[in-house]
Amino acid sequence: MNGRGILVPGPSGTPPNPPSSIPGVAKRSGWWMLCALLLLAIPTLSHAKPVTIGSKKFTESVILAEMARLALEQAKIPAQHRRELGGSRILYDAVEAGDISAYPEYTGTLRFEILADRKLPDDAALGSVLARRGLALSRPLGFSDGYALAIRADTARRYGIARLSDLARHPELTVAVSNEFVDRADGWRALSAAYGLGAIKVRGIDHDLAYRALSGGQIDVTDVYTTDAEIAAYDLVVLKDDRAFFPRYDAAFLYRRDLDPRAVAVLNGLAGRLDEAKMRELNRKVRIDGMSETDAAREALGLAAQAGQEDSRWRRLLDRTREHFALVAVALGLALVIALPLGIASARLPRLGSLVLPLTGLLQTIPSLALFVMLIPLLGIGAAPTIAALFLYSLLPIVRNTHAGLTGIAPPLLDSAEALGLSRRTRLLRIELPLALPTILAGVRTAAVIAVGLATLGAIIGAGGYGQPILTGIRLANNGLILEGAVPAAVFALVIEGAFHLFERAITPRGLRPSARR
Amino acid sequence: MYQLDAVHVSFGGVEALAPTSLSIAKGETLVLLGPSGSGKSTLLRCLIGLSPYDGTIRLDGAPVRDWRAVRRRLGYVIQEGGLFPHLSARGNVVLAAREFGWETSRIEARVMELAQLVGLDDEQLARFPAQLSGGQRQRVAMMRALMLGPDALLLDEPLSALDPVTRLRLAGELRDIFARLGMTVVMVTHSLREARFFGGRAILMRDGRIVQQGPVAELESAPADEFVAEFLAAESAL
């Protein structure tokens, strides 16, 4: 179910010709032009068919996907990276549906989360289950990002601890593990049984606070993910799992079996390029030193870093503005085409109105995040579900204001129009719509401003736009990046406000402007 | 011109106009008098098909079924003029002629003719309703109603919203226009003095019924009942 297919124009890509030669239809050519404009806006949203790599919304995943993209481009295979699409479930569904061709995944995640119901005994069993779903795993990249226990390097030296089994000899150590790890069936209890750590007292602690407590000396041991940037940053040592207690979370690319074999060869060619220490180092450079994921990926591939970061910031801003504008414009255009007639019909037929108005109101009450995610099964990821969501949210203000504008016209004016013997069509087009225009435009403006704000949420399902840097900024706790998305979004909303103001002035009939009064 | 046969209007069970039979002759000036809520505006709205009604209304003998088709023969003017604020005075005036496919030259000639009749100039016609005085707005409304050369003019308190000086001047001009065009005029007013001024037949209404009809002088000299006497006395006193 690739909903984007609906929006992608055919190979010819030409919009339908306006049937302007038929006099009776000539007035409708305005609608045709609107439709043609919408079609023109769409190619900016979905590109031709390069290999599409997805990534989850955390740093390591973005770096790995970026490595894949760079490696594919090195091999002259066109590739694109759809960053930070969401959690494991969204990525897995996207690769299965064909929205993306591959993404970095971990064997443990597949076994214990995504395919948990299959109760696979080991990593080897994964291959055949995936094959039946049209998927395959590339050769492992060389590191496992799983649970482990870590200790400060100096403490490790002092006590001579390098392996988990060494812990049993030091019950005096203070162990604090994340609350989740305390509770899990395969967490501390099972670990302590496997290694005979019964004598050690353990406390629960928030994972993010654990690193600070560890470096401050309040605690000695905590649980970590093996490639956490903080391990490198705080000079910690990961204790060796000498009894192979923790399941492996070997990183590899999960790809579609219909992927170009040359691309598969490139992904397999990345096998063994990384180990835990190297991955940790890359995570640290991005998360703590502020290096870009692309540069980190270049470093991992042994490519030279590219200069011109500052230039590309403007380029990025331009790209995002285009993406954001296209999302809002297409959604708003579609909403206008639907909501305007719906508002007119609701005003004309009160019974229809009493159905339509509460219904559009109901749509508005769906939490935006929920709506975005609910649309994924129908429309895939990317621009299509985002546009659909923005479209639905734009309906209410336009329908409601069209209805209010038309029903708010003074009855004597309606009587006068009817008494003149004007047809319903003339009355609507020459009298009622012009009189309702200021109210209708206010509704469209409201819809546009709301859409600009909401479109930032589209980034979580891969629609790009100003939400992308906000998302990345939140992930990296980088306020600069958050502002890089938030400020243009706010400016964009203001520009739209202003543009509508001018537009309203220009098309409001002169007799309705305040300046007409004397 | 008009023949009303048991015309009856009720809104949700409330009777706005009791079954009324009435004929209006060609060229006649008829004034509908009465207090607020007496049904005089409702009766007028029936005469141009703006109000739903039971019964039959004949125009020149033929029962009216499609009001839109006969409205071009009727002109309608309401209290504040009912001008469309988004159109200029001229835009208001020519709207119906455009709808019925008149040629530009014919429209232009007719606008000039009517402007002269009601005393408006080009500059005033270029203005929007909000930029005109109350009297000018009513003149534009008259032009709009007369544009297609109707057989009858239906006026709903056309002078009520005007100041006394303007009202007097416009009333005089309207009387001249009616006389010159010789058309059927039905005018709603609550003012006995206006009714007297325009002359012709007066119909006094109360609670949706015709109480008395005849020349105003006859109503004054021989009121049919106490209500008529009281209404006329009150109207004369204030």
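The values are calculated or read from the model by the stated rules, or taken from the named source; none is laboratory data. Bear in mind the structure is a predicted one, so any value in this text is a computation, not a measurement. Note that each Cβ is placed from the backbone with ideal geometry, even for glycine, and that neighbours are counted across all protein chains shown. The area values use the complete protein model at the heavy-atom level, side chains included, leaving out ligands, DNA and RNA. Shrake-Rupley method; radii C 1.70, N 1.55, O 1.52, S 1.80 Å.
Some notes on this structure:
- Residue in region A:365-379 that is among the polar types (S, T, N, Q) and surrounded by 23 or more Cβ atoms within 10 Å (Cβ to Cβ) present: no
- Of the residues examined, B:V228 is not one that is open to solvent by 40 Å² or more (accessible area, probe 1.4 Å), β-branched (V, I, T) and in a helix (DSSP H, G or I).
- Breaking point among (1) open to solvent by 50 Å² or more (accessible area, probe 1.4 Å); (2) touching a strand residue (DSSP E or B) at 6+ places or on another chain (Cβ under 8 Å), for B:R169: (2)
- Test for A:R445: is it at negative phi, surrounded by fewer than 22 Cβ atoms within 10 Å (Cβ to Cβ) and within 14 Å of chain B (Cβ to nearest Cβ): no
- A count restricted to region B:1-34 and to residues that are under 17 Å from the mean Cα position of the chain (by Cα) and in a loop (DSSP other than H, G, I, E, B) stands at 6.
- Qualifying residue in region A:466-488 (condition: in the same structural domain as A:L433 (by TED's automatic domain parsing), of a type in the set (D, E), open to solvent by 40 Å² or more (accessible area, probe 1.4 Å) and touching a residue at least 24 places away in the same chain (Cβ under 8 Å)): no
- The helices (runs of 4 or more DSSP H) falling completely within region A:404-491 that include 2 or more residues that are within 27 Å of A:A326 (Cα to Cα) map to A:433-455, A:467-476.
- Flag if B:A25 is more than 21 Å from A:P411 (Cβ to Cβ) and within 10 Å of chain A (Cβ to nearest Cβ): no
- Unmet criterion (only one of (1) in contact with a Pro (Cβ under 8 Å, 6 or more places away or on another chain); (2) closer than 20 Å to A:K57 by Cβ) for A:R111: (2)
- Strands (runs of 3 or more DSSP E) wholly inside region A:190-294 containing at least 3 residues that are under 33 Å from the mean Cα position of the chain (by Cα), surrounded by 18 or more Cβ atoms within 10 Å (Cβ to Cβ) and in contact (Cβ under 8 Å) with a residue 40 or more places away in the chain: A:221-225, A:251-256
- Qualifying residue in region B:74-89 (condition: of a type in the set (S, T, N, Q) and away from chain A (no Cβ under 12 Å)): no
- Only one entry in B:L43, B:L117, B:L95 is in contact with a helix residue (DSSP H, G or I) (Cβ under 9 Å, 6 or more places away or on another chain) and either within 14 Å of chain A (Cβ to nearest Cβ) or under 25 Å from B:H8 (Cβ atoms) (or both), namely B:L95.
- For region A:454-466, a residue qualifies if it is small (G, A, S) and under 20 Å from A:I100 (Cα atoms), and the qualifying residues are A:G458, A:A459, A:G462, A:A463, A:G464, A:G465.
- Test: residue in region A:451-461 that is open to solvent by less than 20 Å² (accessible area, probe 1.4 Å) and within 14 Å of chain B (Cβ to nearest Cβ): no
- Only one of the numbered conditions (1) on the phi > 0 side of the Ramachandran plot; (2) surrounded by fewer than 18 Cβ atoms within 10 Å (Cβ to Cβ); (3) part of a loop (DSSP other than H, G, I, E, B) is not met by B:G55, and that is (3).
- Against the numbered list (1) touching a helix residue (DSSP H, G or I) at 6+ places or on another chain (Cβ under 8 Å); (2) more than 29 Å from B:L232 (Cβ to Cβ); (3) open to solvent by less than 60 Å² (accessible area, probe 1.4 Å); (4) more than 9 Å from chain A (Cβ to nearest Cβ), B:P63 comes up short only at (1).
- In region B:81-96, the qualifying residues are those that are in a helix (DSSP H, G or I) and not charged (D, E, K, R), and the one that is farthest from the chain's Cα centre (by Cα) is B:G91.
- Counting only strands (runs of 3 or more DSSP E) that sit completely within region A:59-157, those holding 1 or more residues that are of a type outside the set (A, V, I, L, M), open to solvent by 20 Å² or more (accessible area, probe 1.4 Å) and farther than 30 Å from A:A168 by Cβ correspond to A:79-86.
- Among residues of region A:411-442 being of a type in the set (V, I, T) and facing another protein chain (nearest Cβ under 7 Å), the one that is farthest from the chain's Cα centre (by Cα) is A:T426.
- The residue of region B:180-212 that is surrounded by the most Cβ atoms within 10 Å (Cβ to Cβ), among those that are among the charged types (D, E, K, R) and farther than 16 Å from B:L154 by Cβ, is B:R206.
- Near pairs, Cβ below 7 angstrom, 6+ apart or cross-chain, from region A:86-102 (at positive phi) to any residue that is of a type in the set (V, I, T): A:G86/A:I460; A:G86/A:I461
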